[in-house]
Amino acid sequence: MPDPDATRAILKDTFGYDGFRPGQAEIVAALMAGENVLAVMPTGSGKSLCYQLPALAGESLTVVVSPLIALMRDQVAALRLNGVAAGALNSAVPRAEAAETHRQLREGRLRLLYVSPERLMQPDVLDGLARLAPARFAIDEAHCISQWGHDFRPDYRRLAELPDHFPDARLSAFTATADAVTRQDIVERLFGGTAKVFVAGFDRPNLQIGIAPRKSATRQLDSLLDRHAGASGIVYTLSRKAAEQTAARLAAAGRIALPYHAGMDQADRDRHQDRFLTEDGVVMVATIAFGMGIDKPDVRFVAHVNIPSTVEAYYQEIGRAGRDGLPAETLMLYGMDDIRLRRLMIDDSDRPEEAKRVEHQRLNALLSLCETAGCRRRALLGYFGEDCEPCGNCDRCLDPVETVDGTVIAQKALSAALRTGQRFGAEHLVAVLRGEATEKVRKFDHDRLPTFGVGADIGQTLWRSYLRQLVAADVLKIDIGGYGGLQLGGRGRAVLKGTESVALHGEAAGRATGRKRAAAPALPADADPALFDRLRDLRLEIARADGVPPYVVFHDRSLQDMAARKPRSLHALAACHGVGARKLERYGDRFLAEIVADGGAGKRDCAPAGPQSSGC
């Protein structure tokens, strides 16, 4: 068995990191001890290193199952720049490169091979790999294996056959989003019920979480983008048409905005994705077809202009922001129409009834997150079985709301729903409750009902909010099979009779203004901003010449560390975050020249003297 201590030397020499992030060391140790492992780790926590290090320390082949060609390409490029023998087999790999990958496989020199599940499970690929006897398989985005996962893929299900083809290989599976039911399903299907499960936590404290009713999606979205002018971000829409229209509107306003959805030509999708990955300041406006496996670390915001499908989907989608650990902002907008459409999509699917029941429960959990009066992060982590104190970095903590006993308010709404036949939507009920004799109200004689005007003291906007909260609390429900009418929910009768109470909240006064929202991440206090900008320009120049995304050369955090330390020797440069031996050899002189040209050492310039260092 390879020496686990060797991983720490590889961590520094190859990747330029001084130590493990929380959770990594235990997972690496289990893999090197020959255990089958399921690891649930938050996005940006370093999942890839957990299977890369054992492959290097054991000098053996690990096959990495990855869902996207773009992700394989970038990870292989990053590994090669760090001096790691890595390759990928997919339709986008040039013939000469594929031939070299096969040669390294035959000679036993390749340490990491990236392949999609579709290609891996082809008989000729399985037979070829069987002759090479890989030591490990690492399955990324493992929630796709489970029927309960929010992005189940049938091709992933076939990975359960791997132990039959490779009885001596160890399996590992990694995901950022798997609740207890999904984790259990993965362990049963992939590992036959036996695996070491690590749940490293779900918290992403650098993400500022914001959720708001959709009042004017255009204004609310523009406000977010203005706060992050010139930054990269993702805007999720529910439909392809909305993605196209929103991208066109943003582009007409002078922003670099591109659409992405499954209805586009593959070549256009690939071109837009490549621009997003390789250029700064691109806003991708997309359906959920975009995002899985996207490894861009400097995404500064993620916005949803419609409610996502589940808490898991929401968590994974916002997790694409701030992977570099720097501050990032998320915003979800939602409305009653979203809820009706999501319910309809579940009921119209061809999934079994039990699966539909679970999906409705998951949507209910998301609605509760939307309407909670407390800390959003606490509610979000609570869904995954974690607890935390109020975070101070969500809209509820920044702009608190107060709750009131809303039982009487709920009873008025329930009475209005009953007396109008449980056939009308929120806007009509608000008109009845407020005593507004609209044409539709008069048409149905609803201005003659006892409930007409019983809620006249409450404004339209607040009534809409109350109705959404009552839906989220299952006091009211939306008639999915009809036209979206509000009906009594599971708790409706009890609340109407007064045997159950319900708490309601108003809207935070400052929530729509964004005055407390995150701005672009600030540099550390000791980093030179002008030098940081020049280092970014140099990185972009090198990335374009090498044909890789800028973050493959160095992450922003590495450049920030250089701009703070201002090293004046290669030895001192090697002490900066993320500067491994091969990158030091390949890029060190150019970055050092830019730093030295800045005019001298900073306050942390000194480094221990060594063979390549002149010290201070």
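Some points to look at:
- Note on segment 28-64: among residues that are under 19 Å from the mean Cα position of the chain (by Cα) and among the β-branched types (Val, Ile, Thr), the one that is nearest to Ala142 (Cα to Cα) is Val40.
- Inter-residue pairs, beta-carbon under 8 Å, first within 14 Å of Ala160 (Cα to Cα) and in segment 116-142, second at pLDDT below 90 and acidic (Asp, Glu), 6+ apart: Pro117/Asp155; Glu118/Asp155; Met121/Asp155
- Residue within segment 199-211 that is assigned to a helix (DSSP H, G or I), surrounded by fewer than 20 Cβ atoms within 10 Å (Cβ to Cβ) and out of contact with any Lys or Arg (no Cβ under 8 Å at 6 or more places or on another chain) present: no
- Filter result for the condition that a residue is over 25 Å from Gly233 (Cβ atoms) and in contact with a His (Cβ under 8 Å, 6 or more places away or on another chain), over Glu354, Glu402, Glu312: Glu402
- Inside segment 365-386, residues that are out of contact with any helix residue (DSSP H, G or I) (no Cβ under 7 Å at 6 or more places or on another chain) and surrounded by fewer than 16 Cβ atoms within 10 Å (Cβ to Cβ) make up a count of 1.
- Cβ pairs under 9 Å, 6+ apart, first in segment 551-578 and closer than 18 Å to Ala525 by Cα, second polar (S, T, N, Q) and crowded, with 20+ Cβ neighbours inside 10 Å: Cys576/Ser558; His577/Ser558; His577/Gln560
- So Thr420, is it farther than 25 Å from Gly233 by Cα, in contact with a Lys or Arg (Cβ under 8 Å, 6 or more places away or on another chain) and buried (at least 19 other Cβ atoms within 10 Å of the Cβ): no
- Single residue of Leu224, Leu162 found to be modelled with pLDDT of 90 or more and under 21 Å from the mean Cα position of the chain (by Cα): Leu224
- The conditions of being crowded, with 18+ Cβ neighbours inside 10 Å, of a type outside the set (Lys, Arg) and closer than 25 Å to Ala503 by Cα are met by Tyr334.
The rows are residues; the columns are (1) over 30 Å from Arg464 (Cα atoms); (2) surrounded by 20 or more Cβ atoms within 10 Å (Cβ to Cβ).
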site: Val285; (1), (2): no, yes
site: Ala303; (1), (2): no, yes
site: Val311; (1), (2): no, yes
site: Gly322; (1), (2): yes, yes
site: Arg351; (1), (2): yes, no
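- Selection count where residues are part of a loop (DSSP other than H, G, I, E, B) and either surrounded by 13 or more Cβ atoms within 10 Å (Cβ to Cβ) or at pLDDT 95 or above (or both), scope segment 525-539: 3
- Residues located in segment 138-157, provided they are surrounded by 21 or more Cβ atoms within 10 Å (Cβ to Cβ) and either hydroxyl-bearing (Ser, Thr, Tyr) or at pLDDT 85 or above (or both): Ala138, Ile139, Asp140, Glu141, Ala142, His143, Cys144, Ile145, Ser146, Tyr156
- Test: residue in segment 237-248 that is more than 20 Å from Thr330 (Cβ to Cβ) and either crowded, with 17+ Cβ neighbours inside 10 Å or touching a strand residue (DSSP E or B) at 6+ places or on another chain (Cβ under 7 Å) (or both): yes
- Qualifying residue in segment 357-366 (condition: modelled with pLDDT of 90 or more and either of a type in the set (S, T, N, Q) or closer than 23 Å to Ser501 by Cα (or both)): no
- Close pairs (8 angstrom Cβ cut-off, 6 or more residues apart or separate chains): closer than 30 Å to Phe301 by Cβ in segment 177-206, aromatic (Phe, Trp, Tyr) anywhere: Thr177/Tyr315; Asp179/Trp148; Asp179/Tyr383; Asp179/Phe384; Thr182/Trp148; Phe202/Tyr315; Phe202/Phe384
- Count of segment 366-378 residues which are without any contact (Cβ under 8 Å) to a residue 60 or more places away in the chain, in a helix (DSSP H, G or I) and within 20 Å of Tyr466 (Cβ to Cβ): 1
- Considering residues of segment 186-198 that are closer than 10 Å to Glu35 by Cβ and part of a loop (DSSP other than H, G, I, E, B) only, the residue nearest to the chain's Cα centre (by Cα): Ala195
The values are calculated or read from the model by the stated rules, or taken from the named source; none is laboratory data. Computed from a prediction, not measured in an experiment: that's the story for all the values here. Glycine gets a Cβ as well: all are built from the backbone with ideal geometry, and neighbour counts include every protein chain shown.
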